[in-house]
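This report refers to the structure that appears directly beneath it.
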Amino acid sequence: MSPKFSVLLVLIILKRAGSSVRPVVTFNPNWDKIFTKESLTMTCNVRSPIPADISYTWYKDNIWIHTGQSFVIEGATTYNSGNYQCKGTNTDISGPVRLDISNGWVILQAPLYIHEGDDVTLRCHHYPGYDGGQSIFYKDNDIKRKWESVSTWLINKINVRESGGYKCQKQVYHHAWNYRENGGTSISIKELFTTPKIKVTPFPVKEGDNITATCYTNVSLYRPETELQFAFYKDGRNVQKFGSFDQYGFHSAKPENSGEYYCEVSDKSIRKKSKELNIEINAFFTHPKIIMTSNQMTEGDNMTLTCYTERSELIPDTGLEFAFYRDGKNVQKFSLSNQYEVQSAEPNHSGIYSCEVRSSTNDLTKSSEELYIQIQELFSHPGIEMIPDVVKEGNQMILTCNTSIMRNDVELQFAFYKNGQNIQEFSSFHQYEVPSAQLGDSGNYYCEVTTSINNVNKKSKELNVDIQGNSSTELLTILLPLALGMLLILAAILVTLFICSKRSFVKTQEPTTEEPTSSSNFNGDVQPEVAYSVLARFPMSQNAPETTKENHENNVVYAAVKHRSRRQPATDLDSIYQNI
């Protein structure tokens with residue numbers, strides 16, 4: 001098996017194995033061309049991560065020539081000219097690099113790898129051992145630097161457009177002769193990184209998707225350490241400043257995110273821009289509108305609100321859910337129904353309504369604009385009043401249920417209640433009459449109003465009615481308690497007198513040891529002594545007039561008998577009162 005075929009077989013095996021590490025060959029000194037008898041060292045560089053226990057193999061023109069990381073050429077000959085490659089264990093083989101060995105008088109040397117943005121030094125080099133003079137440099141036969149004693153030419157921040165043919169002339173002194181020798185080379189400026197491309201995933205983009213835009217570029221294999229910065233733009237406006245992250249994204253894409261996107265890549269000196277990519281975000285559904293069945297709503301009507309939206313034809317069978325709000329508060333949670341209904345609407349259902357639509361697949365939510373709805377009253381809240389304001393017993397009492405009708409086509413029915421009990425059923429008559437009010441008609445009254453077309457009912461506040469009695473009844477009411485009090489007092493006095501008289505009678509029956517006196521009767525009893533007392537009907541006061549005979553007609557006279565012995569003086573008549 002030939003060495004060339006062996007190298008090709010190795011390349012095929014490595015490609016099938018999917019090896020991703022590729023070494024790079026470098027020269028020291030870093031020139032792509034040298035003279036015979038000069039020396040040069042080649043190195044096989046593998047970027048991190050470096051495989052463990054790696055070994056290196058060198059090839060010249062696809063033929064194995066050496067083992068080891070470095071390959072040294074000492075005292076070069078023209079035989080050493082050729083294309084060199086190296087590979088490491090479990091790595092790809094490097095790209096070929098060209099080394100030219102010259103035995104002429106003058107050569108134009110350039111670095112092995114030249115990338116855009118580099119500061120490049122070209123050297124007009126003469127054969128070692130001889131003296132050199134001034135040099136001149138050309139590009140495509142145009143003079144770029146005139147004769148000077150310096151043999152190098154520095155090109156700052158070279159760009160790809162400066163690729164082409166370069167040459168130089170130099171004076172060389174040999175045996176007192178002055179030669180002008182030419183040396184030339186072709187320089188190919190490599191891209192430091194490729195022109196970027198912007199790609200979007202997923203594609204095509206649907207509303208609600210999480211979008212990622214990536215800026216793709218490839219760094220030169222010979223400058224893997226290059227650090228790049230990325231920026232993103234939409235419709236010419238920067239949306240993400242330069243940074244090390246090569247992606248730009250946003251969550252839950254919306255149609256307004258559609259536009260022309262591109263990215264830029266930069267290192268310290270080179271800046272490249274991608275082509276624009278049109279990103280069109282297809283809407284799942286349009287922004288909803290809230291619609292009411294009727295422009296005018298009256299209490300008692302059935303109110304229906306519809307949340308209307310159009311689904312995208314590009315995205316069929318999208319599951320949508322709907323919710324409704326009044327004054328910012330949820331009145332119907334998310335469901336498959338796009339309608340909200342209120343049976344027999346009331347004025348308190350008035351307010352600012354809105355709806356939301358949500359996709360059940362990606363939680364995309366859209367809100368409608370607000371709609372103000374006013375529910376008009378059929379009639380005002382009723383009030384009950386009594387005519388007259390104060391009703392006395394026996395007089396007529398009229399209760400009136402007052403309300404205002406907002407629509408002429410509405411017929412009202414009225415009912416009246418006392419202490420929660422119905423006293424007049426619903427009818428078209430808005431009054432309740434009592435021809436001759438009695439005290440029992442007092443109580444708490446209210447009325448109720450209803451319509452026959454949509455069953456709207458309203459109830460008044462309660463009215464407290466107190467029927468007042470006439471004057472004779474009032475006098476009787478006042479005197480009756482006083483008369484009962486006097487009778488109780490009189491009864492108490494009679495009971496007391498009875499008890500006192502009982503005690504006096506018992507004492508008269510007791511035996512005595514005293515001798516009878518002349519005043520005693522033939523039985524030896526002591527003659528009793530009688531005391532009288534008058535109880536006036538009305539209390540006495542200091543300012544009361546003197547008692548007359550006429551005044552005594554209504555007085556009550558009480559008598560008490562007191563027995564006295566000859567040895568015992570007469571008892572003070574005041575004791576009679578004590579007994580009483």
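The values are calculated or read from the model by the stated rules, or taken from the named source; none is laboratory data. Bear in mind the structure is a predicted one, so any value in this text is a computation, not a measurement. Cβ: placed from backbone, ideal geometry, glycine included. Neighbour counts: every protein chain shown. Only protein heavy atoms, including side chains, enter the accessible area calculation; ligands, DNA and RNA are left aside. Shrake-Rupley method; radii C 1.70, N 1.55, O 1.52, S 1.80 Å.
On inspection, residue 394 qualifies as part of a loop (DSSP other than H, G, I, E, B), over 55 Å from the mean Cα position of the chain (by Cα), modelled with pLDDT under 95 and not aliphatic (A, V, I, L, M).
From 299, 310, which residue is of a type outside the set (A, V, I, L, M, F, W, C) and closer than 27 Å to residue 359 by Cβ?
Testing whether each residue is of a type outside the set (A, V, I, L, M, F, W, C) and closer than 27 Å to residue 359 by Cβ leaves just 310.
The sole residue among 274, 220, 258 that is of a type in the set (Gly, Ala, Ser) and surrounded by fewer than 18 Cβ atoms within 10 Å (Cβ to Cβ) is 220. A search for C-beta distances below 6 Å between a residue of segment 95-123 that is more than 16 Å from residue 170 (Cα to Cα) and part of a loop (DSSP other than H, G, I, E, B) and any residue that is open to solvent by 30 Å² or more (accessible area, probe 1.4 Å) and of a type in the set (S, T, N, Q), counting only pairs 6+ apart in sequence or on different chains, returns 96/83; 111/30; 112/30; 116/159; 117/269; 119/156. Could you tell me whether segment 294-317 includes any residue that is closer than 30 Å to residue 214 by Cβ and surrounded by 13 or more Cβ atoms within 10 Å (Cβ to Cβ)? Within segment 294-317 (the criterion being closer than 30 Å to residue 214 by Cβ and surrounded by 13 or more Cβ atoms within 10 Å (Cβ to Cβ)), the answer is yes, since at least one residue qualifies. Say whether the condition of being in contact (Cβ under 8 Å) with a residue 40 or more places away in the chain, among the hydroxyl-bearing types (Ser, Thr, Tyr) and under 30 Å from residue 379 (Cβ atoms) is met by at least one residue in segment 270-290. No, the conditions are met nowhere in segment 270-290.
Restricting attention to segment 452-495 and to residues that are open to solvent by less than 70 Å² (accessible area, probe 1.4 Å) and among the hydroxyl-bearing types (Ser, Thr, Tyr), the residue that is modelled with the highest pLDDT turns out to be 460. Taken over segment 426-442, residues that are within 21 Å of residue 404 (Cα to Cα) and out of contact with any strand residue (DSSP E or B) (no Cβ under 6 Å at 6 or more places or on another chain) amount to 3. Within segment 180-196, the residues that satisfy the criterion of being surrounded by fewer than 15 Cβ atoms within 10 Å (Cβ to Cβ) and of a type in the set (Ser, Thr, Tyr) are 186, 188, 194, 195.
Here is a yes/no grid of residues against (1) without any contact (Cβ under 8 Å) to a residue 60 or more places away in the chain; (2) over 38 Å from the mean Cα position of the chain (by Cα):
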| residue | (1), (2) |
| --- | --- |
| 168 | no, yes |
| 173 | yes, yes |
| 190 | no, yes |
| 193 | no, yes |
| 196 | no, yes |
| 203 | yes, no |
| 211 | no, no |
| 221 | no, yes |
| 250 | yes, no |
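Under the condition of being at pLDDT 90 or above and among the charged types (D, E, K, R), which residue from segment 35-53 is surrounded by the fewest Cβ atoms within 10 Å (Cβ to Cβ)? For segment 35-53, the residue satisfying everything is 37.
Being over 20 Å from residue 224 (Cβ atoms) and at pLDDT below 95 holds for only one residue in 2, 19, and it is 2. Here residue 388 fulfils each of the conditions (1) at pLDDT below 90; (2) under 23 Å from residue 346 (Cβ atoms) apart from (2). Quick check on residue 181: is it at pLDDT below 90, touching a strand residue (DSSP E or B) at 6+ places or on another chain (Cβ under 8 Å) and not small (Gly, Ala, Ser)? Criteria met by residue 181.
On the given criteria, is residue 454 within 46 Å of the chain's Cα centre (by Cα), under 30 Å from residue 298 (Cβ atoms) and assigned to a loop (DSSP other than H, G, I, E, B)? Spelling it out, residue 454 is indeed within 46 Å of the chain's Cα centre (by Cα), under 30 Å from residue 298 (Cβ atoms) and assigned to a loop (DSSP other than H, G, I, E, B).
Scanning segment 334-374 for residues that are modelled with pLDDT of 90 or more, more than 21 Å from the chain's Cα centre (by Cα) and surrounded by 15 or more Cβ atoms within 10 Å (Cβ to Cβ) turns up 338, 339, 340, 342, 349, 350, 351, 371, 373.
Residue by residue through segment 270-290, note down the ones that are out of contact with any helix residue (DSSP H, G or I) (no Cβ under 8 Å at 6 or more places or on another chain), farther than 12 Å from residue 233 by Cα and of a type in the set (A, V, I, L, M). Of everything in segment 270-290, those that are out of contact with any helix residue (DSSP H, G or I) (no Cβ under 8 Å at 6 or more places or on another chain), farther than 12 Å from residue 233 by Cα and of a type in the set (A, V, I, L, M) turn out to be 270, 290. Looking only at residues in segment 403-447 that are more than 52 Å from the chain's Cα centre (by Cα) and of a type in the set (Phe, Trp, Tyr), which one is nearest to residue 375 (Cα to Cα)? In this case the residue turns out to be 429. Any residue at all in segment 78-88 that is touching a Gly at 6+ places or on another chain (Cβ under 9 Å), assigned to a strand (DSSP E or B) and hydroxyl-bearing (Ser, Thr, Tyr)? Looking for residues that are touching a Gly at 6+ places or on another chain (Cβ under 9 Å), assigned to a strand (DSSP E or B) and hydroxyl-bearing (Ser, Thr, Tyr), one finds none in segment 78-88, hence no.
Of all the criteria given as (1) open to solvent by 60 Å² or more (accessible area, probe 1.4 Å); (2) in contact with a Leu (Cβ under 8 Å, 6 or more places away or on another chain); (3) assigned to a strand (DSSP E or B), the one not satisfied by residue 407 is (3). Set side by side, the residues 161, 98 differ, and just one is open to solvent by 30 Å² or more (accessible area, probe 1.4 Å), under 60 Å from the mean Cα position of the chain (by Cα) and closer than 17 Å to residue 189 by Cβ, which is 161. Considering only residues in segment 411-451 that are loosely packed, with under 15 Cβ neighbours inside 10 Å and in a loop (DSSP other than H, G, I, E, B), the one that is modelled with the lowest pLDDT turns out to be 411. Does residue 125 qualify as being open to solvent by less than 70 Å² (accessible area, probe 1.4 Å) and closer than 18 Å to residue 155 by Cβ? Judged against the criteria, residue 125 is a match.
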